[in-house]
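Working notes for the structure below.
The values are calculated or read from the model by the stated rules, or taken from the named source; none is laboratory data. Please read these numbers as outputs of a predicted model, since none were measured by experiment. Here the Cβ positions follow ideal geometry from the backbone for every residue, glycine too, while neighbour counts run over all protein chains shown.
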Amino acid sequence: MMREQVDASSANFHKWLTPEEYGAKFGPADEDVAAVESWLAAQGFTGVKTNAGKTIVEFNGTVGAVKRAFATQIHKLNVRGEAHFANMSEPKIPAALANVVTGIPSCTISGKNRM
């Protein structure tokens, strides 16, 4: 399909997918998205939301919740005089999500968390 979108002779030339179409065609099932969102909420995370393409889940939580849920160590670092929090090991995908989640590409920790 992607080749057809850039082939001027194709009926699908420049017929781009919307994020919703992409999610419906290539993303996880709605039940799987709901399971991930429910698991995160059960771990105490808030503001859980999934993008329209069903490829990214964002959520908020404390440093402690992230450490417990994803079995990673998080340290407070001083970089050029500024305090930052960063995970010191790769976050682990919990067994409850292993059939749905393929990876954790980034973990941004910000705010006024105290360690």
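If ALA69 passes every condition in (1) outside any strand (DSSP E or B); (2) among the hydrophobic types (A, V, I, L, M, F, W, C); (3) within 13 Å of the chain's Cα centre (by Cα) but one, which one does it miss?
Among (1) outside any strand (DSSP E or B); (2) among the hydrophobic types (A, V, I, L, M, F, W, C); (3) within 13 Å of the chain's Cα centre (by Cα), ALA69 violates only (3).
Only one residue in THR18, THR55, THR62 is of a type in the set (Ser, Thr, Tyr) and within 15 Å of the chain's Cα centre (by Cα). Which one?
Result of the check over THR18, THR55, THR62: THR55.
Name the residue that is farthest from VAL101 (Cα to Cα), counting only residues in the stretch 9-30 that are assigned to a loop (DSSP other than H, G, I, E, B) and of a type in the set (A, V, I, L, M, F, W, C).
ALA11
Based on this model, can you work out whether PHE59 counts as within 21 Å of LYS92 (Cα to Cα), of a type outside the set (Val, Ile, Thr) and at pLDDT below 95?
Spelling it out, PHE59 is indeed within 21 Å of LYS92 (Cα to Cα), of a type outside the set (Val, Ile, Thr) and at pLDDT below 95.
Yes or no: the stretch 62-69 includes at least one residue that is in contact (Cβ under 8 Å) with a residue 12 or more places away in the chain and not aliphatic (A, V, I, L, M).
For the stretch 62-69, residues in contact (Cβ under 8 Å) with a residue 12 or more places away in the chain and not aliphatic (A, V, I, L, M): present.
Could you tell me whether VAL36 is more than 25 Å from ILE104 (Cβ to Cβ) and of a type in the set (Val, Ile, Thr)?
No.
Restricting the search to the stretch 58-103, which residues are in contact with a Leu (Cβ under 7 Å, 6 or more places away or on another chain) and closer than 23 Å to SER38 by Cα?
The one that is in contact with a Leu (Cβ under 7 Å, 6 or more places away or on another chain) and closer than 23 Å to SER38 by Cα: PHE59.
Just a yes or no: is a residue in the stretch 43-64 out of contact with any Gly (no Cβ under 7 Å at 6 or more places or on another chain), part of a loop (DSSP other than H, G, I, E, B), surrounded by 15 or more Cβ atoms within 10 Å (Cβ to Cβ) and polar (S, T, N, Q)?
yes
Working carefully through the options VAL33, VAL6, find the one that is in contact (Cβ under 8 Å) with a residue 12 or more places away in the chain, of a type in the set (Val, Ile, Thr) and either more than 15 Å from VAL101 (Cβ to Cβ) or surrounded by 15 or more Cβ atoms within 10 Å (Cβ to Cβ) (or both).
Only one candidate passes the filter, namely VAL33.
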